[in-house]
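Asker: This structure is in structure tokens; I'll ask about it shortly.
The values are calculated or read from the model by the stated rules, or taken from the named source; none is laboratory data. For clarity, every value in this text was computed on a predicted model and none was experimentally measured. Glycine gets a Cβ as well: all are built from the backbone with ideal geometry, and neighbour counts include every protein chain shown. Ligands, DNA and RNA are excluded from the accessible area calculation, which covers all protein heavy atoms including side chains. Shrake-Rupley method; radii C 1.70, N 1.55, O 1.52, S 1.80 Å.
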Amino acid sequence: MAVTIAKEKWTSKVGEMVLGADSSVKVGGESTLPYLHFEGEIPNKPVLALEVWDLEPADWPEILKKPFNDVLADPVAWAKKNVEYGADAIALRLMSAHPDFKDASPEDCAATAKAVAEAVNVPLIVIGCGVEEKDAEVLEKVGEALSGKNCLIGCATEKNYKTITATAMVNGHSVIASSPLDINLAKQLNILMTEMNLPANRIAIDPLVGALGYGIEYAYSIMERARLGALMGDKMLAMPVICFVGQEAWKAKEAKSPDEESPEWGAQERRAILWEVITTTTFAQAGGSIFVLRHPETVKQVKVHIDKMMESNAY
Amino acid sequence: MGLTGLEIFKQLPKTNCKDCGQPTCLAFAMQLASGKASLDQCPHVSDAAKEALDSASAPPVALVKIGKGEKELQLGNETVLFRHDKRFEHPTGIAIAVNDNDSEIAFKVGEINKLVFDRVGQTHNVNLVAVVNASGDAAKFAEAVKTVQDNTGFPLVLISEDAAAMGAALEVAGANAPLICGANAANLDAMVELAKKYDAPLVIKGAGLDELAALVEKAGYKKVILDSGAREVNKVLADQTQIRRQALKKFRPFGYPTITFADNPDPIQAIVDAGVYIAKYAGIVVLNTADPSDILPLITLRLNIYTDPQKPIAVESKIYEVGNPGPDDPVFVTTNFSLTYFCVQGDVEAGRFPAYILPVDTDGISVLTGWAAGKFTPEKITEMLNTSGIADKVSHRKVIIPGGVAVLSGKLQELSGWEVLVGPRESAGIPSFYKQRWGN
């Protein structure tokens, strides 16, 4: 009994973003739902980035520090290590700029970013410290220092997008647009940024994802809706989605709680890695395509999975 | 999809006899249309109308039950492709497999029974124990099924393609409606006969979608679980998507729940694959691990994906203590929307300081929504401060409210007599807020 394969006829696709000084990494461009090769094109694999901090992270659990033991205080060495671990991109987080830590100057941050960019041959994602005013100042200088490197910088919010968008346009970068778990807010920020003449394919949507067990379903549904919107022709939702999985997954109790504290949850290392892996692969099913991760084992496991998902399932 | 209430109404006797328990035939029709009533509740409907309505009003994915008693597992009744369209109805059943030639079956089943996790005051567990006829021996299979059945309350999945072995196992477990897994092109008639004999649900496996549809038609049995035969995650995703899409288009052979097998030889990838199946429509996922570090992420994922998007989950409104707080530690007020509460709790934990968190009952909505809806008010916060017992736990009288509702502070201070500190707008700012504002 022949079954007529049900295929949707989508009219549009996700925009394709190009990253890296040599434009070597492409992301987005899908003309169907995640990994439904029987229905459309999935030209690019998701990008898996590993985080580098410009100061030694104090509150990371031991399991997470272990793979970086000798490099945590040296962003350049850390970045190189991440490349060895197989990261497709480096996500440099300029935490030192935070007023609670070093309150580092934009110039100092720019110098670090430049040193990291020159030490590795993979694209750079540069993230501020999360204080919106400060990030605008910092990213302005960072954008300049990395001119021509074709980086992805952020996070731009409704409050600071103007400075960040301007610096990205002048210096040839793409921008992460963050909005809190609301598809309309995401769309609105994209409109504001494109109205400044930033091309739509130089924006990545950050829906501020939650980890497994901590609201993953909200971002999951927003991402599914954004992908459906993109496929049905809404250009202001047709951007690749970036998911800051590492920072969320490693905040979860299930990842941080040691063996002796929660024996009924099994061994911490396996559980913690799975927390980051499953958060990532679940978002991959909803349409996420840039993942900012923390543990190298997560990169390894997600890669194996993605390679399998990229194999055709056409009928 | 289904018929509208009015279309159904046309087929009813229109006598308003109330025998169905509804005040009018139209009311009954509306209940039928929304899936809240079934046609057998009307004793007077004509056979012709029944036939017309039955096929049209049946849910796109049939409801199938496995097991009996309080651990009975219900699957199916699904109506959407995306959870945001309505909701996913019956969470994926998680089955853990044991082999019949394993030497420690009772011990393994004991490990499976222990897979119970508490989350937001609810317990979550696996649902089924699958017994695999790995030995190929009928007597051994039946014996293993008996051992498993004697040691667990979970319904069973009996996995063997040998009808003789299945018959032997069903003599042991058949009365409890286990899932027979199952039928294929070679053994279809014998397996269907067994399923009918014990009135038990049956997995039908096809080599691909075409054969699966043909076998389901041929079987003519209604308690069916579908297996497209795919085992690689990329192909399973495609088949699961096709089966759900076809079911929603009312292609009847695919109008049943599905079963998937996370049997990737790489143990981590098996869990990843299972995660995909939970997100993408699987009725059952069979796993070969009972390690809690493998199962906890999957049970959590299932809980999240199957949450009703129209109904926010609330945490109980009471005092929560993070890190053994004492009389001098801070008191954070937030709402009882679980995501809000978890954000605050997570960020207090991230700050590594002890504190009390008081989620005010806002019917499970967030801070700003709660404020806008008049559910997160100075009166409600005051009531919580007065009745929760927090005043006996702390010696100070300072309460921290979310920065987004700074506007409440004046009134709250006046009503409660507590000094109000305005916290950060986003919970992520809590650790630095604590450093800068508490105890200095």
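Asker: When residue B:265 is evaluated against the numbered criteria (1) more than 18 Å from the chain's Cα centre (by Cα); (2) facing chain A (nearest Cβ under 9 Å), which criterion, by number, is the only one it fails?
Answerer: (2)
Asker: Moving on to the next point. Keeping to the range A:290-301, report how many residues are crowded, with 24+ Cβ neighbours inside 10 Å and within 12 Å of chain B (Cβ to nearest Cβ).
Answerer: Result for the range A:290-301: 1.
Asker: Within the range A:165-172, does at least one residue satisfy the condition of being out of contact with any Pro (no Cβ under 8 Å at 6 or more places or on another chain), closer than 24 Å to residue B:82 by Cβ and in contact (Cβ under 8 Å) with a residue 12 or more places away in the chain? Give the steps one after another, and end with the answer.
Answerer: In the first step, residues of the range A:165-172 are kept if they are out of contact with any Pro (no Cβ under 8 Å at 6 or more places or on another chain); the result is A:165-172.
Adding the requirement that they be closer than 24 Å to residue B:82 by Cβ leaves none.
Looking for residues that are out of contact with any Pro (no Cβ under 8 Å at 6 or more places or on another chain), closer than 24 Å to residue B:82 by Cβ and in contact (Cβ under 8 Å) with a residue 12 or more places away in the chain, one finds none in the range A:165-172, hence no.
Asker: Taking the condition of being out of contact with any Pro (no Cβ under 7 Å at 6 or more places or on another chain) and surrounded by fewer than 24 Cβ atoms within 10 Å (Cβ to Cβ), how many residues in the range B:207-223 meet it? Give the steps one after another, and end with the answer.
Answerer: First pass over the range B:207-223, keeping only residues out of contact with any Pro (no Cβ under 7 Å at 6 or more places or on another chain): B:207-212, B:214-215, B:218-222.
Cutting the leftovers down to surrounded by fewer than 24 Cβ atoms within 10 Å (Cβ to Cβ) gives us B:207-208, B:210-211, B:214-215, B:218-222.
Residues that pass the stated criteria total 11.
Asker: Hey, among the residues in the range B:199-251 that are acidic (Asp, Glu) and touching a residue at least 24 places away in the same chain (Cβ under 8 Å), which one's nearest to the other protein chains (Cβ to nearest Cβ)? Don't jump to the end; show me each part of the working.
Answerer: Taking the range B:199-251 and keeping what is acidic (Asp, Glu), we get B:199, B:210-211, B:217, B:227, B:232, B:239.
Checking which are touching a residue at least 24 places away in the same chain (Cβ under 8 Å) leaves us with B:199, B:211, B:217, B:227, B:239.
Numbers: B:199: 26, B:211: 8, B:217: 6, B:227: 15, B:239: 8 Å.
It comes out as B:217.
Asker: Okay, moving on. Please indicate, with yes or no, whether at least one residue in the range B:341-355 is outside any loop (DSSP other than H, G, I, E, B) and more than 14 Å from chain A (Cβ to nearest Cβ). Explain how you work it out, then say what you get.
Answerer: Restricting attention to the range B:341-355, the residues satisfying the condition of being outside any loop (DSSP other than H, G, I, E, B) are B:341-351, B:355.
If we keep only those that are more than 14 Å from chain A (Cβ to nearest Cβ) too, we end up with B:355.
Checking the range B:341-355: at least one residue is outside any loop (DSSP other than H, G, I, E, B) and more than 14 Å from chain A (Cβ to nearest Cβ).
Asker: Please indicate, with yes or no, whether at least one residue in the range A:181-200 is open to solvent by 40 Å² or more (accessible area, probe 1.4 Å) and at positive phi.
Answerer: Kept after step one, since they are open to solvent by 40 Å² or more (accessible area, probe 1.4 Å), are these residues of the range A:181-200: A:181-182, A:184-185, A:187-188, A:191-192, A:195-197, A:199.
Now drop any that are not at positive phi, which leaves A:181, A:197.
Yes.
Asker: So how many residues does the range B:428-440 have that are assigned to a helix (DSSP H, G or I) and either of a type in the set (Ser, Thr, Tyr) or open to solvent by less than 80 Å² (accessible area, probe 1.4 Å) (or both)?
Answerer: Filtering the range B:428-440 for residues assigned to a helix (DSSP H, G or I) gives B:428-437.
Among the residues that remain, those that are also either of a type in the set (Ser, Thr, Tyr) or open to solvent by less than 80 Å² (accessible area, probe 1.4 Å) (or both) are: B:428-434.
Residues in the range B:428-440 being assigned to a helix (DSSP H, G or I) and either of a type in the set (Ser, Thr, Tyr) or open to solvent by less than 80 Å² (accessible area, probe 1.4 Å) (or both): 7 in total.
Asker: Please enumerate the residues belonging to the range B:282-328 that are more than 11 Å from chain A (Cβ to nearest Cβ), in contact with a helix residue (DSSP H, G or I) (Cβ under 7 Å, 6 or more places away or on another chain) and surrounded by 22 or more Cβ atoms within 10 Å (Cβ to Cβ).
Answerer: B:282, B:285, B:287, B:315
Asker: Using beta carbons and a limit of 6 Å, which pairs, at least six apart or on different chains, have the first residue in the range A:36-58 and away from chain B (no Cβ under 12 Å) and touching a residue at least 24 places away in the same chain (Cβ under 8 Å) and the second one part of a strand (DSSP E or B) and surrounded by fewer than 19 Cβ atoms within 10 Å (Cβ to Cβ)?
Answerer: The qualifying pairs are A:44/A:26.
Asker: In the range A:129-144, is there at least one residue being surrounded by fewer than 21 Cβ atoms within 10 Å (Cβ to Cβ) and within 18 Å of residue A:299 (Cβ to Cβ)?
Answerer: For the range A:129-144, residues surrounded by fewer than 21 Cβ atoms within 10 Å (Cβ to Cβ) and within 18 Å of residue A:299 (Cβ to Cβ): absent.
Asker: Another question, if that's okay. In the set B:130, B:134, which member is touching a Cys at 6+ places or on another chain (Cβ under 8 Å) and either open to solvent by 40 Å² or more (accessible area, probe 1.4 Å) or away from chain A (no Cβ under 14 Å) (or both)?
Answerer: Values: B:134 fails: touching a Cys at 6+ places or on another chain (Cβ under 8 Å).
Testing whether each residue is touching a Cys at 6+ places or on another chain (Cβ under 8 Å) and either open to solvent by 40 Å² or more (accessible area, probe 1.4 Å) or away from chain A (no Cβ under 14 Å) (or both) leaves just B:130.
Asker: Okay, moving on. Assess whether residue A:304 counts as being facing chain B (nearest Cβ under 7 Å) and more than 28 Å from residue B:341 (Cβ to Cβ).
Answerer: On the way: facing chain B (nearest Cβ under 7 Å): yes; more than 28 Å from residue B:341 (Cβ to Cβ): yes.
Judged against the criteria, residue A:304 is a match.
Asker: How do the strands (runs of 3 or more DSSP E) wholly within the range B:53-149 filter down when requiring 3 or more residues that are among the hydrophobic types (A, V, I, L, M, F, W, C): which remain? Quick ask: steps written out before the conclusion?
Answerer: Values: elements: B:64-66, B:73-75, B:93-99, B:116-119, B:122-125, B:128-132.
It comes to B:93-99, B:128-132.
Each row is one residue, and each column tells you yes or no for (1) hydroxyl-bearing (Ser, Thr, Tyr); (2) crowded, with 17+ Cβ neighbours inside 10 Å; (3) at pLDDT 85 or above.
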residue	(1), (2), (3)
B:15	yes, no, yes
B:33	no, yes, no
B:36	no, no, no
B:46	yes, no, yes
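Asker: Quick check on my filter: what residues within the range A:177-205 are within 14 Å of another protein chain (Cβ to nearest Cβ) and either closer than 29 Å to residue A:271 by Cα or among the small types (Gly, Ala, Ser) (or both)?
Answerer: A:178, A:179, A:180, A:181, listed by residue number.
Asker: Out of curiosity, is residue B:338 within 11 Å of chain A (Cβ to nearest Cβ), touching a strand residue (DSSP E or B) at 6+ places or on another chain (Cβ under 8 Å), open to solvent by less than 20 Å² (accessible area, probe 1.4 Å) and among the hydroxyl-bearing types (Ser, Thr, Tyr)?
Answerer: Working: within 11 Å of chain A (Cβ to nearest Cβ): yes; touching a strand residue (DSSP E or B) at 6+ places or on another chain (Cβ under 8 Å): yes; open to solvent by less than 20 Å² (accessible area, probe 1.4 Å): yes; among the hydroxyl-bearing types (Ser, Thr, Tyr): yes.
So residue B:338 fits the description; yes.
Asker: Here are some conditions: (1) open to solvent by 60 Å² or more (accessible area, probe 1.4 Å); (2) closer than 20 Å to residue A:120 by Cα; (3) modelled with pLDDT of 95 or more. Residue A:11 meets all but one. Which one does it not meet?
Answerer: Going through (1) open to solvent by 60 Å² or more (accessible area, probe 1.4 Å); (2) closer than 20 Å to residue A:120 by Cα; (3) modelled with pLDDT of 95 or more one by one, residue A:11 breaks only (2).
Asker: Continuing with the same structure: Just checking, which of A:314, A:252 is in contact (Cβ under 8 Å) with a residue 12 or more places away in the chain and either under 22 Å from residue A:45 (Cα atoms) or more than 10 Å from every other protein chain (Cβ to nearest Cβ) (or both)?
Answerer: Numbers: A:252 fails: either under 22 Å from residue A:45 (Cα atoms) or more than 10 Å from every other protein chain (Cβ to nearest Cβ) (or both).
Just one listed residue meets the conditions, A:314.
Asker: Just for the range B:396-427: of the residues that are among the polar types (S, T, N, Q) and over 35 Å from the mean Cα position of the chain (by Cα), which one is most open to solvent (accessible area, probe 1.4 Å)? Step through it out loud before you land on a result.
Answerer: First, the residues of the range B:396-427 that are among the polar types (S, T, N, Q): B:409, B:413, B:416, B:427.
Going one step further and asking which of them are over 35 Å from the mean Cα position of the chain (by Cα), we end up with B:409, B:413, B:416.
Details: B:409: 25, B:413: 81, B:416: 22 Å².
The qualifying residue most open to solvent (accessible area, probe 1.4 Å) is B:413.
Asker: Next question. Consider residue B:89 carefully, then state whether it is out of contact with any strand residue (DSSP E or B) (no Cβ under 6 Å at 6 or more places or on another chain) and either open to solvent by less than 30 Å² (accessible area, probe 1.4 Å) or farther than 26 Å from residue B:64 by Cα (or both). Please lay out each step first, then the result.
Answerer: Numbers: out of contact with any strand residue (DSSP E or B) (no Cβ under 6 Å at 6 or more places or on another chain): yes; either open to solvent by less than 30 Å² (accessible area, probe 1.4 Å) or farther than 26 Å from residue B:64 by Cα (or both): no.
Spelling it out, it is not the case that residue B:89 is out of contact with any strand residue (DSSP E or B) (no Cβ under 6 Å at 6 or more places or on another chain) and either open to solvent by less than 30 Å² (accessible area, probe 1.4 Å) or farther than 26 Å from residue B:64 by Cα (or both).
Asker: On to the next question. Identify the single condition in (1) touching a Ser or Thr at 6+ places or on another chain (Cβ under 6 Å); (2) open to solvent by 70 Å² or more (accessible area, probe 1.4 Å) that residue B:370 does not satisfy, given that it satisfies every other one.
Answerer: Residue B:370 satisfies every listed condition except (2).
Asker: Has the range A:224-232 got any residue that is under 26 Å from residue A:123 (Cβ atoms), without any contact (Cβ under 8 Å) to a residue 12 or more places away in the chain and either in contact with a strand residue (DSSP E or B) (Cβ under 6 Å, 6 or more places away or on another chain) or more than 11 Å from chain B (Cβ to nearest Cβ) (or both)?
Answerer: no
Asker: Could you tell me whether the range A:8-15 includes any residue that is of a type in the set (A, V, I, L, M), away from chain B (no Cβ under 14 Å) and in contact with a Gly (Cβ under 7 Å, 6 or more places away or on another chain)? Break it down stepwise before answering.
Answerer: At the first step, the residues of the range A:8-15 found to be of a type in the set (A, V, I, L, M) are A:14.
Now drop any that are not away from chain B (no Cβ under 14 Å), which leaves A:14.
Checking the rest, the ones that are also in contact with a Gly (Cβ under 7 Å, 6 or more places away or on another chain) come to A:14.
Yes: the range A:8-15 contains one or more residues that are of a type in the set (A, V, I, L, M), away from chain B (no Cβ under 14 Å) and in contact with a Gly (Cβ under 7 Å, 6 or more places away or on another chain).
Asker: Also: Taking the range A:238-266 as the search range and keeping residues that are assigned to a loop (DSSP other than H, G, I, E, B) and among the hydrophobic types (A, V, I, L, M, F, W, C), which one is surrounded by the most Cβ atoms within 10 Å (Cβ to Cβ)? Explain how you work it out, then say what you get.
Answerer: Within the range A:238-266, the first condition is being assigned to a loop (DSSP other than H, G, I, E, B), and the residues that meet it are A:238-240, A:244, A:250-252, A:257-262, A:266.
Cutting the leftovers down to among the hydrophobic types (A, V, I, L, M, F, W, C) gives us A:238-239, A:244, A:250, A:252.
Values: A:238: 25, A:239: 30, A:244: 26, A:250: 25, A:252: 24.
Here the residue is A:239.
Asker: Do we find a residue being open to solvent by 50 Å² or more (accessible area, probe 1.4 Å) and either more than 8 Å from chain B (Cβ to nearest Cβ) or part of a helix (DSSP H, G or I) (or both) anywhere in the range A:267-289?
Answerer: yes
Asker: Can you name the residue in the range A:69-113 that is open to solvent by 20 Å² or more (accessible area, probe 1.4 Å) and aliphatic (A, V, I, L, M) and is also nearest to residue A:144 (Cα to Cα) among such residues?
Answerer: Per the stated criteria, the residue is A:111.
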